[in-house]
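The values are calculated or read from the model by the stated rules, or taken from the named source; none is laboratory data. From a predicted model like this one, the values you see are computed outputs, not experimental measurements. Virtual Cβ from ideal backbone geometry, glycine too; neighbours counted across all protein chains shown. With ligands, DNA and RNA removed, areas are computed over all heavy atoms of the protein, side chains included. Shrake-Rupley method; radii C 1.70, N 1.55, O 1.52, S 1.80 Å.
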Amino acid sequence: MTTINTETATSDHRARLARRRQERFRHVEPRGRREYTARERAEMLVDAGSFVEMTPMRVDGNGNGAGVVIGWGRVDGRGVVIASHDAAVASGAIGAVMAETIQKAQRFAIDKGYPIVYINDSGGARIHDGILALHGCGEIFALNVKAQKRVPQISLILGPCAGAAAYSPALTDWTIMVREQGQMFLTGPDIVKATTGEDASAEDIGGSQMHTETSGVAHLEVTNEGEAFHATRLLLSFLPSHVGAPMPLVAPRRPDPVAAERLPYVVPDKASVVFDMNKVLDGVLDAGPRLELMPAHAPSVLTLFGHLDGRPVGVLANQPASRGGVLDAKSSVKAARFIEFCGRFNLPVVTFVDVPGFLPGTVEEGRGVITHGAKLLKAYVETTSPLLTVVVRKAYGGAYIAMGSRSLGADYSWAWSGAEIAVMGPGGAVALLHRRTLRDAEDPVATRDELAAEYRENVARPYVAAEAGIVDDVILPEETRDRLVDAMATLGYEDGADVRR
């Protein structure tokens, strides 16, 4: 009869597991501009010591790793799921096993109601896996779409994100790229050269500057991986964990005292004089962190997250300092996307209006400004989260309607006492209405100015809209914050919130 030494057997098992773990978690020096391994990236994103890897010993049929590190951790104490591409395995290319592993993370996040952060560093679909790789990518995309209805999704581009791999970030909510390190494109420089003859670098085709300024495919550019993780944590701090989850509240903070004191004097009396809308926001929103998304793309509108009396809000505002705050095709798409996201997660949308209209001309018409402007209208109409609108200075024509007007469903709407709301600006209106008078006038310039002033006071001032009930009230700039806070209270926005001090 054979006697088994249980202590020896236990020791062997423990040693074998230790060797496996050592091999699995051994540090592989990152290549190129990379600073950290896939697991290190995941650990850096979450609260210290909170990352728990899922299926860490998963391998493919050849004994290679899955090519991705998945798991969950906590950011400010709240659960987050992470899928971090491992560029040390087949350059992060997506094979069948890697696709299955990412899907496991996605399903877990959807089931538990945790946001998903995808750390992308992939050369695309794994060629050797053929149709199995493509099928796996398609299943990832399908879960991206399913997750949209349930949890926030954020993509970090920390290396190449090429071919089929690029579609997943496009299906997530927000994409953050590291400058001169992350690239995102469907076809790389060699194929572009062979197909079109165009001689372009990876940065030219899919670099962070191109995508955050021109295409709008990415929404924030940062200088290194550490900044990417910080921006991700900041973004998550404004968002509920899932649809219907409590809002992550913070302790209320009054606006910066200097900004609040200057608020009545920020907006110039003359409608054509530019100013920085951020100075208005400084005097209304809570002091403290704000996060602007897409700052370099279509900058005539601002899209950002901030706090109002400790409550996270989405802010959409015209930016007169950029092209006069005009709406065009790109800014309409940018604004509509932001509003749709806020509505999905019940974040109030606070709209600050100073818009001269939609940009006219053959270029914009050719870009489909009508269709894209209509997307903005549709986003407001379909949004079920609180909609609060403040007309700061001018709101003309169809752009007045598009910027969160009462007709599109705003719960509350106010206008500052110096605002103008009209079909068109006084200058254009007078030119059409008084063409003969101006033609026959001895001093056309003086006559035009006089008629414009009359139009401004009798037609464009916000009292007409207030008397018709189209805006709730005409207010002073310094009254804005209290009106917004009171309005959110009447809408029950604070109910069920998870306050984090």
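Among (1) closer than 30 Å to residue 231 by Cα; (2) at pLDDT below 90; (3) open to solvent by less than 90 Å² (accessible area, probe 1.4 Å), which single condition is residue 43 missing?
(2)
State which residue is nearest to residue 329 (Cα to Cα) when the search covers only the range 350-371 and only residues that are small (Gly, Ala, Ser) and in contact with a helix residue (DSSP H, G or I) (Cβ under 8 Å, 6 or more places away or on another chain).
Here is the first cut: in the range 350-371, the ones small (Gly, Ala, Ser) are 357, 361, 366, 368.
From what's left, in contact with a helix residue (DSSP H, G or I) (Cβ under 8 Å, 6 or more places away or on another chain): 357, 368.
Values: 357: 12, 368: 7 Å.
Among those that are small (Gly, Ala, Ser) and in contact with a helix residue (DSSP H, G or I) (Cβ under 8 Å, 6 or more places away or on another chain), it is 368.
Scan the range 294-310 residue by residue and report those that are on the phi < 0 side of the Ramachandran plot and surrounded by 24 or more Cβ atoms within 10 Å (Cβ to Cβ).
Initially, the range 294-310 is screened for residues on the phi < 0 side of the Ramachandran plot, giving 295-297, 299-308.
Scanning the range 294-310 gives 301, 302, 303.
For residue 225, only one of the following conditions fails: (1) open to solvent by 20 Å² or more (accessible area, probe 1.4 Å); (2) within 23 Å of the chain's Cα centre (by Cα); (3) among the acidic types (Asp, Glu). What is its number?
Single failed check for residue 225: (1).
Output the number of residues of the range 53-78 satisfying the condition of being surrounded by 18 or more Cβ atoms within 10 Å (Cβ to Cβ) and at pLDDT 85 or above.
So the count comes out to 10.
Is at least one residue of the range 137-148 more than 30 Å from residue 343 (Cα to Cα), hydrophobic (A, V, I, L, M, F, W, C) and open to solvent by 10 Å² or more (accessible area, probe 1.4 Å)?
Residues of the range 137-148 that are more than 30 Å from residue 343 (Cα to Cα), as a first pass: none.
No, because not a single residue in the range 137-148 is more than 30 Å from residue 343 (Cα to Cα), hydrophobic (A, V, I, L, M, F, W, C) and open to solvent by 10 Å² or more (accessible area, probe 1.4 Å).
Does residue 164 satisfy the criteria of being part of a loop (DSSP other than H, G, I, E, B) and of a type in the set (A, V, I, L, M, F, W, C)? Talk me through it step by step, then tell me what you get.
On the way: part of a loop (DSSP other than H, G, I, E, B): no; of a type in the set (A, V, I, L, M, F, W, C): yes.
So residue 164 does not fit the description; no.
Checking residue 382 against (1) open to solvent by less than 70 Å² (accessible area, probe 1.4 Å); (2) modelled with pLDDT of 95 or more, which single condition isn't satisfied?
All conditions pass for residue 382, except number (1).
Could you tell me whether any residue of the range 275-282 is surrounded by fewer than 15 Cβ atoms within 10 Å (Cβ to Cβ) and more than 27 Å from residue 209 (Cα to Cα)?
In the first step, residues of the range 275-282 are kept if they are surrounded by fewer than 15 Cβ atoms within 10 Å (Cβ to Cβ); the result is 276.
With the extra rule that they be more than 27 Å from residue 209 (Cα to Cα), the set shrinks to none.
No, the conditions are met nowhere in the range 275-282.
Hey, among 180, 198, which residue is in contact (Cβ under 8 Å) with a residue 40 or more places away in the chain, open to solvent by 10 Å² or more (accessible area, probe 1.4 Å) and not aliphatic (A, V, I, L, M)? Show your work before the answer.
On the way: 198 fails: in contact (Cβ under 8 Å) with a residue 40 or more places away in the chain.
Answer to the check: 180.
Considering only the range 24-40, state which residues are surrounded by fewer than 20 Cβ atoms within 10 Å (Cβ to Cβ) and either modelled with pLDDT of 70 or more or assigned to a helix (DSSP H, G or I) (or both).
First pass over the range 24-40, keeping only residues surrounded by fewer than 20 Cβ atoms within 10 Å (Cβ to Cβ): 24-36, 40.
Correct list: 24, 34, 35, 36, 40.
Report the residue count in the range 96-114 for those that are open to solvent by less than 10 Å² (accessible area, probe 1.4 Å) and either part of a loop (DSSP other than H, G, I, E, B) or small (Gly, Ala, Ser) (or both).
Counting residues in the range 96-114 that are open to solvent by less than 10 Å² (accessible area, probe 1.4 Å) and either part of a loop (DSSP other than H, G, I, E, B) or small (Gly, Ala, Ser) (or both) gives 4.
Suppose we filter the range 138-168 for residues that are farther than 21 Å from residue 211 by Cβ, more than 17 Å from the chain's Cα centre (by Cα) and not small (Gly, Ala, Ser); how many remain?
Of the residues in the range 138-168, 3 are farther than 21 Å from residue 211 by Cβ, more than 17 Å from the chain's Cα centre (by Cα) and not small (Gly, Ala, Ser).
Considering every residue within the range 142-150, establish whether at least one is in a helix (DSSP H, G or I), at pLDDT below 95 and among the small types (Gly, Ala, Ser). Break it down stepwise before answering.
Within the range 142-150, the subset in a helix (DSSP H, G or I) is 142-148.
This time we only want the ones that are at pLDDT below 95, so: none.
The answer is no; no qualifying residue exists.
Could you list, in sequence order, the residues of the range 188-229 that are closer than 16 Å to residue 166 by Cα, in a helix (DSSP H, G or I) and in contact with a Leu (Cβ under 8 Å, 6 or more places away or on another chain)?
212
With the condition being touching a residue at least 24 places away in the same chain (Cβ under 8 Å) and within 19 Å of residue 297 (Cα to Cα), I'd like the helices (runs of 4 or more DSSP H) fully within the range 326-398 carrying at least 3 qualifying residues.
Details: elements: 329-344, 362-366, 369-382.
The qualifying helices (runs of 4 or more DSSP H) are 329-344, 369-382.
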